[in-house]
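The values are calculated or read from the model by the stated rules, or taken from the named source; none is laboratory data. From a predicted model like this one, the values you see are computed outputs, not experimental measurements. Using ideal geometry, Cβ is built from the backbone for each residue, glycine included, and neighbour counts are taken over all protein chains shown.
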């Protein structure tokens with residue numbers, strides 16, 4: 001059995017993989033809205049979310065903050081992508097094809113995390129994929145904890161056409177969402193978003209044109225007349241990032257937004273083992289092929305409902 005050509009070995013595969021890993025990522029939004037938590041355990045308990053107390057005058061007794069009684073367990077799962085390459089292809093010098101396949105692997109990993117997080121976003125109105133640290137759905141019109149009062153991050157907006165809202169209507173949707181963040185309070189009635197500096201707005205493909213126009217235009221046409229964009233006037237000190245997510249179910253007619261400048265976001269991205277260190281397996285002696293394995297152990301979960309909002313469009 002002939003040995004593998006020296007030009008293609010574990011080092012070659014690793015170099016190709018690293019080039020793909022370091023390329024530009026169109027999925028940077030994943031770690032903007034999902035707080036990455038590296039762990040050395042197969043599961044973590046996130047019951048501590050939202051537990052920083054407010055400062056108060058010291059009157060002789062310490063005010064202690066203890067973890068919540070309810071548990072919020074997140075357990076990692078194993079995900080993998082294994083590619084096999086025939087020894088004949090290697091011996092015949094098909095290095096260009098093999099290199100392209102290996103360089104594409106990191107993107108597949110990023111795509112999977114984007115897809116997984118999108119599933120959690122869309123399931124946020126229920127509990128099929130889990131709950132928040134309070135035990136309920138991520139999106140609700142009746143959140144409440146401690147002295148927060150009733151909080152609503154499940155909004156509605158009336159438009160002329162749910163399949164093609166106007167830029168003016170989309171402007172109104174985004175403005176209502178950004179304003180709603182300022183109503184969010186923690187369990188000690190302290191405003192949570194008074195220091196908000198950046199949000200990500202996420203729309204399905206069919207809302208792309210309206211959202212881009214609403215966010216980018218200086219002048220908005222409404223009712224046949226032109227006016228200055230309210231998004232520029234009202235949110236001049238707020239960075240609004242737009243993500244057009246083709247994985248969103250278009251028929252749901254929903255616009256999402258997420259505060260993306262916080263240390264504990266609307267979602268948790270728990271990582272036990274990253275996909276950055278793939279494995280090369282030389283199986284030529286037995287099966288005349290080599291394997292390149294990308295494997296990771298991670299999970300998505302719900303985090304702080306106060307840092308996300310969704311709006312369902314209706315006529």
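Would you mind stating whether residue 200 is under 20 Å from the mean Cα position of the chain (by Cα), assigned to a strand (DSSP E or B) and surrounded by 16 or more Cβ atoms within 10 Å (Cβ to Cβ)?
yes
Considering only residues that are in contact with a strand residue (DSSP E or B) (Cβ under 9 Å, 6 or more places away or on another chain) and more than 16 Å from residue 280 (Cα to Cα), which ones fall in the stretch 98-112?
Correct list: 108, 109, 112.
Which of the residues spanning the stretch 167-186 are out of contact with any helix residue (DSSP H, G or I) (no Cβ under 9 Å at 6 or more places or on another chain) and surrounded by 17 or more Cβ atoms within 10 Å (Cβ to Cβ)?
177, 180
What residue, of 243, 239, is surrounded by fewer than 17 Cβ atoms within 10 Å (Cβ to Cβ) and in contact with a strand residue (DSSP E or B) (Cβ under 6 Å, 6 or more places away or on another chain)?
239
Is it true that some residue in the stretch 218-230 is part of a helix (DSSP H, G or I) and either without any contact (Cβ under 8 Å) to a residue 24 or more places away in the chain or buried (at least 17 other Cβ atoms within 10 Å of the Cβ) (or both)?
No, there is no match, as no residue in the stretch 218-230 is part of a helix (DSSP H, G or I) and either without any contact (Cβ under 8 Å) to a residue 24 or more places away in the chain or buried (at least 17 other Cβ atoms within 10 Å of the Cβ) (or both).
Could you list all residues from the stretch 231-253 that are outside any loop (DSSP other than H, G, I, E, B) and touching a helix residue (DSSP H, G or I) at 6+ places or on another chain (Cβ under 8 Å)?
Within the stretch 231-253, 231, 234, 240, 241, 242, 243, 244, 250, 252 meet the criteria.
Of the residues 67, 5, which single one is in a loop (DSSP other than H, G, I, E, B), modelled with pLDDT under 85 and more than 30 Å from residue 283 (Cα to Cα)?
Only one candidate qualifies: 67.
Check 271, 290 and return the single one that is under 24 Å from residue 103 (Cα atoms), in a strand (DSSP E or B) and out of contact with any helix residue (DSSP H, G or I) (no Cβ under 8 Å at 6 or more places or on another chain).
Answer to the selection: 271.
Which of the following residues is touching a strand residue (DSSP E or B) at 6+ places or on another chain (Cβ under 9 Å) and more than 21 Å from residue 155 (Cα to Cα): 220, 174?
220
Which one of these does residue 150 not meet: (1) closer than 16 Å to residue 307 by Cβ; (2) surrounded by fewer than 20 Cβ atoms within 10 Å (Cβ to Cβ)?
It fails just one condition, (1).
Across the stretch 270-292, what is the total count of residues that are at pLDDT 90 or above and surrounded by fewer than 23 Cβ atoms within 10 Å (Cβ to Cβ)?
Looking only at that region, the number is 3.
Given the criteria modelled with pLDDT under 95, over 26 Å from residue 151 (Cβ atoms) and in a helix (DSSP H, G or I), does residue 208 qualify?
Considered against the rule, which asks whether it is modelled with pLDDT under 95, over 26 Å from residue 151 (Cβ atoms) and in a helix (DSSP H, G or I), residue 208 comes out as no.
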